[in-house]
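First the structure, in the form of structure tokens, and then the observations on it.
The values are calculated or read from the model by the stated rules, or taken from the named source; none is laboratory data. Remember, it's a predicted structure, so these values are computed and weren't measured experimentally. Note that each Cβ is placed from the backbone with ideal geometry, even for glycine, and that neighbours are counted across all protein chains shown.
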Amino acid sequence: MTATEVRPADSPPAEVHPGRLGRDTWVMARRNLLRYVRLPQLLAFSVIQPIMFLLLFTYVFGGAIGAAIPPAAGGKYINFLLPGLLVQISLFGATQTAIGLTDDLARGVVDRFRSLPMARSAVLTGRTLADLLRNAVVLALMFGVAFAIGFRYQTSLLGFLAGVGIVLLFAYAMSWVMAAIGLKVVNPEATQTAVFLIVFPFVFASAVFVPVQTMPSWLQPFAEHQPVTAMVQAARALMLGSGALEPGQTVSGVVVVAIVWCVAITAVAAPLAVRIYRRSTRT
Amino acid sequence: MAEAPIVEAQDIHLAFGDVKALNGASLCIERGTVYGLLGVNGAGKTTLINVLSTLLVPDSGRASVGGDDVITQSRAVRRRIGLAGQFAAVDDYLTGRETVAMIGELYGLNRAEALRRAADVLERFNLADAADRRAAGYSGGMRRRLDLAASLVGRPEILFLDEPTTGIDPGSRLDIWRLVRELVDDGTTVLLTTQYLEEADELADLIGVIDQGRIVSEGTSDELKDALGDNRIHLRVRESDIDATLRVTEGFDDRVELAGGEFNFPAPNGMGSLTAMVRALDDVGVEPLGLSFERPSLDEVFLALTGSEDGSGNGPHVAPAEPQESR
């Protein structure tokens, strides 16, 4: 390595006017959202999969798992399942951040943006914002189907919406993680594989589908304390009430843990993604 | 022209792992000119453009655009430049107008101004009729023009064009050439890379031949050809004058080729050799039937400079930089 002293260019984050960042973020978010408006089939595809999951899990596993679910679920597996499934779907949705960015990288679009005097991080803030809104739309459509096949929250509308809020907060945090991964891996196909390698263990070794207590004892510590479970517990507590929790847990307790996770993930992943972005280029 | 050059690059080194993409590249571009960077795939053209447009940070060396350092004042540099990359970076689902206006907004224009300028450049690039159609339906040449239009909406002082006509049809290529000339007439400086000798010959005021990460030769098209020193004189005389002519030409060079009254021999002093030849023939009373001066083609120059087969394929030292982000 010669002359490393002239390499610091990726560091000085040219101070950007805050208004400029907001404006450029919106320009970028609008670009990304227009994709779904113009190509509605993309949105349709991203909705079909979650709804398929919802129906399959409810009707295929519902009978078998029913006995293990906490009474707060009102005796219906779907009541237990939906908060967890929302977390899963929002996490799957967040992977789109990685896919979208690698696509932009591969097509040279990122090079174009990086050569412009715009707020550089706006490419990422705009992308994560657009993905958050898309995720919200997907979740809303899922609720529709869930209500139609019998889901009922056991708390209040406010509790239900608060649960949705936690899920979206998590989706946003994970979008930043996915952005960092996509920018680091660069190759679109490799990224697709990479993100799901990371996502699957977290989704399945969690409280999404079954109570953690039904898992082998070596797996329980991980399943109990990883962020996906934290989100699921918070969403369940807010939608089903404290009866959905294990003894010793409180609704406010699990909600605080979930929020701390989201903030911590974002605080680490967002600056990291921006750092990698500054050095990303097609060639 | 006492004005400072708009681009100055000195001894730029940049390696991707073991591949030295740039190996001491230096470059100087005067305002209002077209600089053609000529080289095969893997010679370092795109890497150099990427350094100048602040996308890559060199391992060593310094470069400035409009007096601003590309490393420490990269943001100021980005305000001065427009970049049209090797592939039209155009979103299929956006219309031409949306694409150009979006880039305008990202240059800091307000929406109304961005739309106004978008209409201007689209008109100029012959895309006014297609402005409200999605780019998905554009032809290859139209996409290139749209990409170029987008890179100009911010009215950059200097435009970087990375292989602007690679992979498009000949008609569109002429369109792009015309547009580049118009830009220069308006005072924009252009740095273009190309693998096509003809393109450099047509457009560039100054040509830099880049090979293995450094500029190996630089000059106008004519200077490069002269530098090769292989100009030739072609002379045709009456059969009765052949002997007299032979005596004259022998004094010039011993590598004279003679075939049926037609002479062909090197002219190491270029035009000077030709004038001297005319005088000498006049002295002995030989009147040429035909006399012409031939310059080597730029292809020959390129071959001599880089030892590469031609300007269109992959050279022997091609080491495409992996699209990877280092460290």
Before we move on, is A:ARG134 closer than 18 Å to A:ALA29 by Cα and either within 14 Å of chain B (Cβ to nearest Cβ) or without any contact (Cβ under 8 Å) to a residue 12 or more places away in the chain (or both)?
no
Count, please, the residues in the range B:65-94 that happen to be surrounded by fewer than 21 Cβ atoms within 10 Å (Cβ to Cβ), among the polar types (S, T, N, Q) and in contact (Cβ under 8 Å) with a residue 12 or more places away in the chain.
1
Flag for A:PHE57 being more than 13 Å from chain B (Cβ to nearest Cβ) and assigned to a loop (DSSP other than H, G, I, E, B)
no
Top-ranked residue of the range A:94-110 - restricted to ones that are out of contact with any Ser or Thr (no Cβ under 7 Å at 6 or more places or on another chain) and among the small types (Gly, Ala, Ser), ranked as farthest from the other protein chains (Cβ to nearest Cβ):
A:GLY100
Please identify the pairs in which a residue from the range A:57-75 that is without any contact (Cβ under 8 Å) to a residue 40 or more places away in the chain has its Cβ atom under 8 Å from the Cβ atom of a residue that is loosely packed, with under 13 Cβ neighbours inside 10 Å, counting only partners at least 6 apart or on another chain.
A:GLY66/A:GLY75
Near pairs, Cβ below 6 angstrom, 6+ apart or cross-chain, from the range B:20-33 (closer than 14 Å to B:ARG214 by Cβ) to any residue that is of a type in the set (S, T, N, Q)
B:ALA21/B:THR47; B:LEU22/B:THR47; B:SER26/B:GLN10
Across the range B:64-81, what is the number of residues that are more than 9 Å from every other protein chain (Cβ to nearest Cβ) and either hydrophobic (A, V, I, L, M, F, W, C) or not in a loop (DSSP other than H, G, I, E, B) (or both)?
4
Output for the range A:135-171, where each listed residue is under 11 Å from the mean Cα position of the chain (by Cα) and surrounded by 22 or more Cβ atoms within 10 Å (Cβ to Cβ):
A:ASN135, A:ILE166, A:VAL167, A:PHE170, A:ALA171
Residue check: is B:ALA89 at pLDDT below 95 and part of a loop (DSSP other than H, G, I, E, B)?
yes
Could you please let me know if A:GLY93 is part of a helix (DSSP H, G or I), modelled with pLDDT under 95 and crowded, with 24+ Cβ neighbours inside 10 Å?
yes
